[in-house]
Amino acid sequence: MARILVVDDEPDVLLFVRIYLEAAGHQTVLAADGERALELLDADPIDLVLLDVCMPVMDGWSVLEAINARRAGAARVVVISGRPAPGDLRRAFELGAADYMRKPFEPEQLLEGVNAVLSRSDEEHATHRARALHPDLAEE
């Protein structure tokens, strides 16, 4: 299965996500802030990053920008937020995120979202992002 980095400053969220991802056969690595997440990304290969937006030290947007600059998209990123602001979905996709999830989410939603992102080809990923940025394309 996949090696997934979970980045969130809430210990309960880290534990919840770890339990469900590992029960589904994934390996998890945890970070409580953005700086630690970037250190972990530099140290070992990661297939997917679940990235909270509101964090101390370095927010999720800065982490997402740094991931894209450092890793050239090697790890796909799903932005997660418990307090979405207008424009967050667009911002996530414009910064290169593979998907966006709102907290709270049920375990099934988490696993479905993770598996969907992991199973997409690069072409499918590009199409998903384009449709999220331009909803009118979904009708074609």
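One line per residue, one yes/no per condition, for (1) touching a strand residue (DSSP E or B) at 6+ places or on another chain (Cβ under 7 Å); (2) of a type in the set (Lys, Arg); (3) under 24 Å from residue 127 (Cβ atoms):
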| residue | (1), (2), (3) |
| --- | --- |
| 5 | yes, no, no |
| 17 | yes, no, no |
| 33 | no, no, no |
| 41 | yes, no, no |
| 47 | yes, no, yes |
| 65 | no, no, yes |
| 77 | yes, no, yes |
| 92 | yes, no, yes |
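Each residue in segment 105-116 was checked for being of a type in the set (Val, Ile, Thr) and either exposed (fewer than 11 other Cβ atoms within 10 Å of the Cβ) or modelled with pLDDT under 95 (or both), and 0 of them qualify. Of all residues in segment 41-65, those satisfying the criterion of being acidic (Asp, Glu) and farther than 21 Å from residue 107 by Cβ are 42, 44, 59, 65.
Applying the selection to segment 79-105, what residues are on the phi > 0 side of the Ramachandran plot and over 13 Å from the mean Cα position of the chain (by Cα)? Listed by number, the list holds a single entry, 87.
Out of all the residues in segment 70-81, is one or more in contact (Cβ under 8 Å) with a residue 60 or more places away in the chain and surrounded by 14 or more Cβ atoms within 10 Å (Cβ to Cβ)? The answer is yes, given that some residue of segment 70-81 is in contact (Cβ under 8 Å) with a residue 60 or more places away in the chain and surrounded by 14 or more Cβ atoms within 10 Å (Cβ to Cβ). Answer yes or no: is there a residue in segment 121-140 that is crowded, with 16+ Cβ neighbours inside 10 Å, out of contact with any strand residue (DSSP E or B) (no Cβ under 8 Å at 6 or more places or on another chain), at pLDDT 90 or above and in a helix (DSSP H, G or I). There is no residue in segment 121-140 that is crowded, with 16+ Cβ neighbours inside 10 Å, out of contact with any strand residue (DSSP E or B) (no Cβ under 8 Å at 6 or more places or on another chain), at pLDDT 90 or above and in a helix (DSSP H, G or I).
The values are calculated or read from the model by the stated rules, or taken from the named source; none is laboratory data. Small disclaimer: the values here were computed from a predicted structure and weren't measured. Note that we place each Cβ from the backbone using ideal geometry, even for glycine, and neighbour counts take in every protein chain shown.
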